[in-house]
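No lab work stands behind these numbers, since they all come straight from the coordinates. Everything numeric in this text was worked out from a predicted model, so none of it was measured. Here Cβ is always computed from backbone atoms with ideal geometry, including for glycine, and neighbour counts include all displayed protein chains.
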Amino acid sequence: MTVIQVDLPDETAKAARAAGLLTPAALERLLKEAMRRQAANSLLELARDVQTAGIEPMTMEEINAEVKAARAERRAGAFDRLLALAPAMSEDEILAEVEVARAAARAEAGVAPLR
């Protein structure tokens with residue numbers, strides 16, 4: 001749990017307290033609503049930028065292909081980093097890293113973890 005301190009003008013603090021807005025639950029709800037609005041505004045701004053730039057919308061097939069390519073690129077980068085570190089690692093450390101990479105790949109693919 002994080003503790004925060006907020007400096008407010010006395011009148012604002014009194015009105016907010018009277019309205020029940022200074023409780024942890026109320027503050028959490030207000031912050032979550034503000035973050036949702038901010039995310040929605042960012043998405044709308046991005047959509048306007050895309051439209052202004054004249055970028056054609058992508059099909060679901062194109063989106064899926066881009067996601068697969070990005071995931072493959074990330075996995076390849078992780079494998080390259082592992083190969084670079086391998087000479088300084090024990091066999092057990094290498095196997096542990098391989099398992100971490102496999103678990104991450106399964107999670108990205110939406111496949112249940114192995115037990």
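Brief remarks follow.
- Projecting the Cα atoms of Thr2, Ala69, Ala105 onto the charge dipole of the chain, computed from C-beta unit charges around the Cα centre, puts Thr2 farthest toward the positive end.
- Phi to ³J(HN,Hα) by Karplus 6.51 cos²θ - 1.76 cosθ + 1.60 over region 48-56, Hz, x for Gly, Pro: 5, 4, 5, 5, 4, 6, x, 7, 6
- Residue-wise HN-Hα couplings along region 74-79, as the Karplus relation 6.51 cos²θ - 1.76 cosθ + 1.60 with θ = phi - 60° gives them from phi, are 5, 5, 4, x, 5, 5 Hz; Gly and Pro carry x.
- Cα gyration tensor shape of the chain, rounded if a/c is under 1.5, else prolate or oblate by comparing a/b with b/c: oblate
- For region 98-103, Karplus couplings with θ = phi - 60° (6.51, -1.76, 1.60), whole Hz, Gly/Pro x: 4, 4, 4, 5, 5, 4
- Positive contributions from Lys and Arg (+1) and negative ones from Asp and Glu (-1), summed over other residues with Cβ under 14 Å from the Cβ of Asn64, come out at -2.
- For region 10-53, projected area of the alpha-carbon convex hull averaged over all directions, nm²: 3.9
- Dipole magnitude (debye, nearest 20) for the chain, charges at Cβ of Lys, Arg, Asp, Glu: 460
- Placing dummy labels 7 Å off each Cα toward the beta-carbon, the span from Arg81 to Ala34 is 3.4 nm.
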